[in-house]
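Here the structure is laid out as structure tokens; the discussion comes afterwards.
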Amino acid sequence: MSSSALLPPSIPDVASFHDEPGGLTFLRIKTALATAEISLDGAHVTRYQPAGCEPALFVSRSSAMAPGKPIRGGIPVCFPWFSARAGHPELPAHGFARIRRWDVESLSGSNESGVTVVFRLGADHATRELWPLDFVARMRVVVGRKLNVALEVENCGDVPFRFEEALHTYFCVSDVRKVSVTGLEGAAYFDKTDGFQRKELGSEPLRFDAECDRVFPRTTSTCVIDDPGLRRKITVEKSGSHSTVVWNPWIAKAAAMADFGDDEWPGMLCIETANVGDDAVSLAPGEAHAMSAIIHVQ
Ligand code: TA6
């Protein structure tokens with residue numbers, strides 16, 4: 001059980017906190033509807049498995065599992081910037097939110113209704129060193145027959161700010177070479193594997209036969225991963241998000257990542273719910289913004 005005093009009471013036989021040897025603390029959830037695990041570092045969903053289904057999310061067996069280190073899989077929370085910070089290669093990729101411990105603001109639910117947990121990360125000395133602005137971020141996670149993840153950001157300061165964000169979800173698939181993704185047909189995208197060239201998808205569902213690293217601007221549609229190998233479809237519905245990122249590292253990039261098994265690339269696919277680049281979010285003092293993804297395994 002967790003030793004930290006600043007946690008809400010667990011829900012007996014449904015949701016409880018566990019300190020791991022590596023220094024992370026996980027909230028473990030098990031209900032009639034689904035099981036899930038969430039690391040308090042990064043408010044990071046590392047497991048979501050609806051009752052009767054295979055796990056929906058991928059986590060690398062080589063992932064680091066320690067404070068201050070990104071977890072390679074699940075749903076990394078990218079905030080307040082995406083990928084490398086322009087002009088600051090020394091700063092952590094995808095921002096600092098995923099490598100900070102979040103507070104647990106509330107925990108509620110039951111075996112029958114599912115569980116809702118709210119995590120909170122506020123600006124402090126460490127965040128201001130990297131991003132000198134006053135914010136409060138909340139991650140609201142609802143674990144039920146669907147997984148609903150919402151990232152809410154509030155400008156608590158007295159100057160406007162602009163931020164990028166992504167729920168960088170790693171989905172578990174049978175074989176990325178055999179799945180297809182619908183919802184982005186005809187959309188324009190920037191191809192990170194080809195100098196960020198601007199290209200356009202055809203009318204066919206997206207399929208994968210090489211490294212894929214694409215940012216689709218101004219896309220709000222629901223995406224569906226059709227996975228015949230696991231005889232399932234995973235629907236990613238979203239709100240408050242205008243960018244979609246699709247990523248699979250393929251062979252060379254997989255081999256280049258120390259926290260990713262060389263043979264793991266066929267078993268995962270990232271469909272990311274985001275606001276990046278020109279879709280970054282601007283908040284005036286006192287304003288707030290919410291972005292959510294609803295993941296449904298069918
Ligand atoms: O979302 C795709 C991407 O930006 C890729 O370019 C790759 O860098 C991936 O994210 C993983 O980033 P990470 O910092 O977690 O290694």
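Got a sec? Which of D263, D278 is within 25 Å of Y48 (Cβ to Cβ), open to solvent by 20 Å² or more (accessible area, probe 1.4 Å), more than 19 Å from the chain's Cα centre (by Cα) and modelled with pLDDT of 95 or more?
The conditions single out D263.
From the residues in segment 98-136 that are more than 18 Å from L6 (Cα to Cα) and open to solvent by less than 10 Å² (accessible area, probe 1.4 Å), which one is nearest to the ligand (Cβ to nearest atom)?
So the residue we want is T127.
Table: residues versus (1) in contact with a Gly (Cβ under 9 Å, 6 or more places away or on another chain); (2) closer than 30 Å to K30 by Cα.
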site: T116; (1), (2): yes, yes
site: R120; (1), (2): no, yes
site: H125; (1), (2): no, no
site: W131; (1), (2): yes, no
site: F135; (1), (2): yes, no
site: R140; (1), (2): no, yes
site: V143; (1), (2): yes, yes
site: A150; (1), (2): yes, yes
site: E154; (1), (2): yes, no
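Conditions (1) over 29 Å from A51 (Cβ atoms); (2) not in a strand (DSSP E or B), marked per residue:
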| residue | (1), (2) |
| --- | --- |
| F119 | no, no |
| R145 | no, yes |
| G157 | yes, yes |
| L184 | yes, yes |
| F190 | yes, no |
| A210 | yes, yes |
| R214 | yes, no |
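Tell me which of these G95 doesn't satisfy, since it passes every other one: (1) within 12 Å of the ligand (Cβ to nearest atom); (2) closer than 24 Å to W265 by Cβ.
(2)
From the list A255, A288, A284, exactly one residue is of a type outside the set (S, T, Y) and free of Cβ contacts under 8 Å to residues at least 24 places away in the same chain. Which is it?
Testing whether each residue is of a type outside the set (S, T, Y) and free of Cβ contacts under 8 Å to residues at least 24 places away in the same chain leaves just A255.
If you take the residues of segment 58-72 that are hydrophobic (A, V, I, L, M, F, W, C) and within 12 Å of the ligand (Cβ to nearest atom), which of them is most open to solvent (accessible area, probe 1.4 Å)? Spell out how you get there, then give the answer.
Let us first name the residues in segment 58-72 that are hydrophobic (A, V, I, L, M, F, W, C), namely 58-59, 64-66, 71.
Checking the rest, the ones that are also within 12 Å of the ligand (Cβ to nearest atom) come to 64, 71.
On the way: A64: 27, I71: 11 Å².
This residue is A64.
I'm trying to understand the selection: among the residues of segment 217-253, which are in contact with a helix residue (DSSP H, G or I) (Cβ under 6 Å, 6 or more places away or on another chain) and within 11 Å of the ligand (Cβ to nearest atom)?
Those that are in contact with a helix residue (DSSP H, G or I) (Cβ under 6 Å, 6 or more places away or on another chain) and within 11 Å of the ligand (Cβ to nearest atom): S243, N248, P249.
Search segment 164-182 for residues being more than 16 Å from the ligand (Cβ to nearest atom) and part of a strand (DSSP E or B), and hand back the single one that is surrounded by the fewest Cβ atoms within 10 Å (Cβ to Cβ).
Going through the qualifying residues, I end up with S180.
Any idea how many residues of segment 73-92 are open to solvent by less than 50 Å² (accessible area, probe 1.4 Å) and either in a loop (DSSP other than H, G, I, E, B) or within 11 Å of the ligand (Cβ to nearest atom) (or both)?
10
The values are calculated or read from the model by the stated rules, or taken from the named source; none is laboratory data. What you see is a predicted model; the values in this text were computed from it and never measured. In this analysis, Cβ positions are derived from the backbone assuming ideal geometry, glycine residues included, and neighbour counts consider all displayed protein chains. The accessibility values were calculated without ligands, DNA or RNA, using every heavy atom of the protein model including side chains. Shrake-Rupley method; radii C 1.70, N 1.55, O 1.52, S 1.80 Å.
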